[in-house]
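We did not get these values from a lab; they are worked out from the coordinates using the rules stated. Everything quoted here is computed from the prediction, not taken from an experiment. Using ideal geometry, Cβ is built from the backbone for each residue, glycine included, and neighbour counts are taken over all protein chains shown.
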Amino acid sequence: MKILVTPTSFGPSVHGIAKDRLLAFTDEVVYNETGTPLEEDVLASLLVGCDGVLAGLDHIGPKALKAASGTLRAISRYGVGTDKVDLTTARALGIPVSITPGANANAVADLAFGLMLAVARRIPQLDASTKAGGWERSTGTEVYGKTLGILGLGAIGKGVAHRAKGFDMDVLAYDPFLSGEVAAQHRAHLVALDQVLAQSDIITLHLPLNDDTRQVIGAAELAAMKPGAILINTSRGGLIDEDAVLAALQSGRLGGLGVDAFVQEPPKNNPLLRLDNVVATPHTGAHTYETTESMAKAAVDNLIAMLTGRPCASIVN
């Protein structure tokens, strides 16, 4: 049994119960030694001869899947997104794909709130200025008592809504797959997208990336938002039109951006990173000790279940 492990947070130096279980199950483990998610060409070469893959944010396209189709019998995503996995080709080849729903909800919800505070009070900029010997006076914006708009009220969005109540925020949510009753149970008012845009002081994105949600925040949506509103994206870079967001930040129409996900990762010469009203992190939402172990356990359990023919409730294709 040969397994490819691509998440950098589950590398050869990582130890824990999940890692021990994986090593006891398989004869050979191949690791991603690049330090970044794998592009399809590199992934295709590493997948040859593998029975399973514990996958991170790699591009698992048709070329990689077909290159491994003779042996590959399971893909276990270390996370919840499947936008970089060709589910159609995997299904056609009989390769099941699983995810770890809910495992990273607390960590990402924490980071979303951290980014809100960091952008509103310019914490990273003031930290850098103070450490450089400055004593800058900067007038920020309060988060307490504001209206928070959440796009996508899944496990992470619900976590953000509960945290917002500690800041006495009015929470509006847009989620076409949820009822108003369920939203109310999680302290949110379910409204139309245009209402979220028009009424929210801060908007945070917690949607999957697919054809319906790609660039859900573009020029028109930015124009419909409150002047000076803050935008937070801890989901997928493709949810926003980065060029339109850049223009809105430069004009002052958008007050600030907190971003943990980019269209291209790592971002190369991205002009967003040169703006003072942007706080950026390296797609690190799920990187806490608690979540790393929880996701690892779920991903390994899913992988072993699929490879041994046992039921796996987290298969998505």
Of all GluC sites (Glu not before Pro) in region 1-93, the ones in DSSP coil with at most 14 other Cβ atoms within 10 Å are 33, 39
Expressed as a whole-number percentage, the relative contact order of region 1-142 with C-alpha contacts under 8 angstrom and at least six residues apart is 18 percent
Can you tell me the length gained on complete extension of the stretch residue 315 to residue 177, counting 0.36 nm per residue apart and subtracting the Cα distance? 47.7 nm
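Taking neighbour Cβ counts within 10 Å as the exposure measure, how do 242, 181, 142, 293 sort from fewest upward? Don't skip to the end; give the middle numbers.
Values: 242 21, 181 8, 142 11, 293 16.
Starting with the residue having the fewest Cβ neighbours, the order is 181, 142, 293, 242.
Which value in deg cm²/dmol, rounded to the nearest 500, describes the helix-derived mean residue ellipticity at 222 nm for the chain, given -39,500 (n - 2.57) per DSSP H run of n ≥ 4 and division by the residue count? Provide the component values of the computation, followed by the final result.
On the way: 12 runs with 115 residues, N = 317.
Computed ellipticity for the chain at 222 nm equals -10500 deg cm²/dmol.
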For the chain, what mean projected area does the convex hull of the alpha carbons give, in nm²? 17.2 nm²
Over what distance in Å are the Cα centres of region 21-74 and region 85-99 separated? 13 Å
Can you tell me how much longer the chain between residue 88 and residue 141 gets when fully stretched, taken as 0.36 nm per residue apart minus their C-alpha distance, in nm with one decimal? 14.5 nm
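What is region 31-81's relative contact order, in percent, from Cα pairs under 8 angstrom and six or more apart in sequence?
On the way: 69 pairs, mean separation 20.5, N = 51.
Reported relative contact order: 40 percent.
At a 10 Å Cβ-Cβ cut-off, how would you order 78, 289, 174, 31, fewest neighbours first?
Details: 78 28, 289 9, 174 25, 31 17.
With the sparsest Cβ surroundings first, the list reads 289, 31, 174, 78.
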Compute the distance from the alpha-carbon center of region 161-190 to that of region 248-317, in whole Å. 22 Å
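Taking trypsin sites (Lys or Arg not before Pro) as exposed when DSSP calls them loop (any state but H, G, I, E, B) and at most 11 other Cβ atoms lie within 10 Å, what is the longest stretch of the chain free of them, the sites themselves excluded?
Numbers: sites that count: 137, 268.
Between exposed loop sites, the widest span is 1-136.
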Quick note on 314, 129, 69, ordering by fewest other C-beta atoms within 10 Å, gives 129, 69, 314
Members of 84/268; 19/63; 226/268; 165/226; 63/84 lying beyond 24 Å, as alpha-carbon distances in this model show: 19/63; 226/268
Please give the length that would be gained between residue 264 and residue 39 if that part of the chain were fully extended, namely 0.36 nm times their separation in residues minus their C-alpha to C-alpha distance (nm, one decimal). 79.9 nm
Treating every alpha carbon of region 105-280 as one equal point scatterer without solvent, the Debye formula yields log10 I(q)/I(0) values at q = 0.08, 0.10, 0.15, 0.20 Å⁻¹ of -0.23, -0.35, -0.80, -1.43
Given the options 304, 17, 203, state which has the largest fluctuation in a GNM of the chain using a 10 Å cut-off (strictly under) for Cα springs. 17
Taking the chain as a Gaussian network, Cα atoms linked when under 10 Å apart, which of 30, 14, 97 shows the biggest mean-square fluctuation? 14
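Let me have the relative contact order for the chain, percent, based on Cα pairs under 8 Å that are six or more residues apart. Could you put the intermediate results ahead of the total?
Numbers: 631 pairs, mean separation 59.6, N = 317.
Relative contact order here is 19 percent.
Membrane-span-like helices in the chain: DSSP H runs reaching 20 Å or more (Cα, own axis), mean Kyte hydropathy at least 1.0? Please report the intermediate quantities before stating the final value.
Details: long enough: 105-121 (24 Å, 1.38); 289-307 (27 Å, 0.31).
Counting only whole DSSP H runs, the qualifying helices are 105-121.
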Dipole check, the chain, charges on Cβ (K,R +1; D,E -1), about Cα centroid: among 126, 96, 231 the Cα furthest to the positive pole belongs to 126
